[in-house]
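Trainee: Quick one: structure below, then a few questions.
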Amino acid sequence: MRHGTAAPQPQPSPSNSLPHRKKKRNRKAAATSTSTSVSSETSFANGPDQLKNHIHDAVIECEQKPKGEQSKGAFPLEELRQRSVKGGESLGNSVVTAVDAGDVKEVSSVAEATSGTAESSELKRVLEDDSISKKSPVLYFFEKVYYGNSVWSTTTIGDEKGRERVYDTIFRLPWRCELLIDVGFFVCFNSFLSLLTVMPTRMLMAIWRLLKTRKFNRPSTIEFSDFGCFLILVCGVTVLQQIDISLIYHMIRGQATIKLYVIYNVLEIFDKLCQNFIGDVLKMLFHSAEKLARCPPETQSMRFWIWRFISDQVLAVVTSIVHSFILLVQAITLSACIVSHYNALPALLVSNNFAEIKSYVFKGYSKDNVHSMVYSDSVERFHISACILFVLAQNILEAEGPWFISFISNILLVYLFEMAIDVIKHSFIAKFNNISPIAYSEFLEVLCKQTLHVQTEDAKKKLTFVPLAPACVVIRVLAPVYAAKLPYNSLSRRLSWILLFSAITYIMLTSLKVLIGMVLQKHARWYVNRCQRRKHHLHAD
């Protein structure tokens, strides 16, 4: 080891370094000219040995050529230029440029270039084979019998994934879909019964508290919302009472320009539009009720929220009346189809349901769209039930002779068609969009959490149902049935019978509400616990 500093080396002068730089430039130019034919930008450690040898031979051949020939830039016929798509990738993932007779073409890998060459040679062999024209038809037929591939020429051999898709479409998805739609139907029914039982009870309790204390306190958010819904219900029933059902029935049944199933389809479309729009209107109304209940009294904001609540209330009343009228006309159309003598009900069911399949199945959907579609089917099934209740009330009032058996058969036909079409629609939507049956179990879990009043992350996953229009229609069609059973006596006896019928109806509806609500709560708690166990222990559904 040397101590001290080393003697400084003499630095070359610029004039002395010029020849050295020229030599370096000449070497670089020679290396560039020899690499014009073959350039390797990827490592060949994992590449085929045959291609390595080929590229090495090409390099040696280029080095042995004179400089004049190298500077021409002409490519050999069998020359390959490999370029890496990503740095450090293997040869199988690189881009290979094949040069054949001056035409440059790029293929994604060496295997693709090899397969393309094999395919072209196979195609050339088949085109040059003219033995078919020399064969007799009998010999050709027996050759296909013994050596042909039969129907395999137009199909592909399946795998386990294809088998799972078939069994998912036929067996696993239909019962999950129908279970989800049925649970959604009972959730809608429970909300409908709450409107007719829980809301009037809360309003009677608020009125009783006001009469007892004789103090007017500002209502809470729930009381404002109940008052708004009660006002919508009263206005809707009052307007529907002024409508002559028999006149609309004869107008629909007597016209010959538009068929009954066309009218029903148009009304169903408007029913879905109104159902969606009135949901947004009620959100506005409940928001105004909340702000009105919480704003400080005797301020400028109090007056603002009062007028806003009134405007939202008017809009909700008008929208609900329009929706109730559409639902009533739809029920009248269904009644006209059922009682007609030229098989209008099968034509209605076939046209309506298969048009639904055509408009939904052959389109692309995401998982969230399918989730909303299932909820829409549950709401639609409840609206059909309201229309069927209208048909039952009309038969009780106007039917002559034995009508119950035919009514039951027609109703079963309607429900069977709806169930079959919903199952077929969702099965093939799931098949075409690669949605597994377990997704419908997840949808049911979300609905059960909504039943248990558990807040979900996305508000779009909630079942939105507004029972105001079906309630107006049901009250409108059942009121004449109750009126027909009242005795024709004095006014006091009629009032007493009205109170008695109202009390009996209220008790029946309250009992049904308690039963359905408790069963839904129990089922929701059981199913959510089951889903949690399945997620933790990886059990199959």
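The values are calculated or read from the model by the stated rules, or taken from the named source; none is laboratory data. Because the structure is predicted, anything quoted here is derived from the model rather than measured. When we count neighbours, we look across all protein chains shown, and the Cβ atoms used for this are built from the backbone with ideal geometry, even at glycine. With ligands, DNA and RNA removed, areas are computed over all heavy atoms of the protein, side chains included. Shrake-Rupley method; radii C 1.70, N 1.55, O 1.52, S 1.80 Å.
Conditions tested, residue by residue: (1) of a type in the set (Gly, Ala, Ser); (2) at positive phi; (3) assigned to a helix (DSSP H, G or I).
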residue: Leu397; (1), (2), (3): no, no, yes
residue: Phe407; (1), (2), (3): no, no, yes
residue: Ile435; (1), (2), (3): no, no, no
residue: Ala439; (1), (2), (3): yes, no, yes
residue: Phe443; (1), (2), (3): no, no, yes
residue: Leu447; (1), (2), (3): no, no, yes
residue: Gln450; (1), (2), (3): no, no, yes
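Trainee: When the range 206-251 is examined, which residues are found to be within 23 Å of Ala336 (Cβ to Cβ), open to solvent by 90 Å² or more (accessible area, probe 1.4 Å) and outside any loop (DSSP other than H, G, I, E, B)?
Mentor: Across the range 206-251, the qualifying residues are Leu247, His250, Met251.
Trainee: Which number in (1) exposed (fewer than 15 other Cβ atoms within 10 Å of the Cβ); (2) closer than 25 Å to Ala355 by Cα; (3) among the hydroxyl-bearing types (Ser, Thr, Tyr) marks the one condition that Tyr264 misses?
Mentor: Only one criterion is unmet by Tyr264, namely (1).
Trainee: For the range 277-318, give me each residue that is touching a residue at least 12 places away in the same chain (Cβ under 8 Å) and β-branched (Val, Ile, Thr).
Mentor: Hits for the range 277-318 are Ile278, Val281, Ile306, Val317.
Yes/no per residue for (1) open to solvent by 40 Å² or more (accessible area, probe 1.4 Å); (2) touching a residue at least 24 places away in the same chain (Cβ under 8 Å); (3) touching a strand residue (DSSP E or B) at 6+ places or on another chain (Cβ under 7 Å); (4) not polar (S, T, N, Q):
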{"position": "Ser372", "(1), (2), (3), (4)": "yes, yes, no, no"}
{"position": "Glu380", "(1), (2), (3), (4)": "no, yes, no, yes"}
{"position": "Leu389", "(1), (2), (3), (4)": "yes, yes, no, yes"}
{"position": "Ser409", "(1), (2), (3), (4)": "yes, no, no, no"}
{"position": "Asp422", "(1), (2), (3), (4)": "no, yes, no, yes"}
{"position": "Lys425", "(1), (2), (3), (4)": "no, yes, no, yes"}
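Okay, residues lined up against (1) at pLDDT below 90; (2) outside any helix (DSSP H, G or I); (3) more than 30 Å from Asp271 (Cα to Cα):
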{"site": "Pro470", "(1), (2), (3)": "no, no, no"}
{"site": "Asn489", "(1), (2), (3)": "yes, yes, yes"}
{"site": "Ser492", "(1), (2), (3)": "yes, no, yes"}
{"site": "Tyr506", "(1), (2), (3)": "no, no, no"}
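Per-residue answers, yes or no, for (1) under 28 Å from Phe189 (Cβ atoms); (2) among the aliphatic types (A, V, I, L, M); (3) at pLDDT 95 or above; (4) open to solvent by 70 Å² or more (accessible area, probe 1.4 Å):
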{"position": "Arg308", "(1), (2), (3), (4)": "no, no, no, yes"}
{"position": "Ser340", "(1), (2), (3), (4)": "no, no, no, no"}
{"position": "Ala347", "(1), (2), (3), (4)": "no, yes, no, no"}
{"position": "Ser351", "(1), (2), (3), (4)": "yes, no, no, no"}
{"position": "Lys363", "(1), (2), (3), (4)": "no, no, no, yes"}
{"position": "Ser376", "(1), (2), (3), (4)": "yes, no, no, no"}
{"position": "Leu392", "(1), (2), (3), (4)": "yes, yes, no, no"}
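Trainee: Pairs please, first residue from the range 427-448 and farther than 28 Å from Lys522 by Cα and polar (S, T, N, Q), second anywhere and in a helix (DSSP H, G or I) and open to solvent by less than 10 Å² (accessible area, probe 1.4 Å), Cβ atoms under 9 Å, 6+ apart in sequence or on different chains.
Mentor: As it stands, the answer is Ser427/Leu173; Ser427/Cys177; Asn433/Val370, since those pairs meet every condition given.
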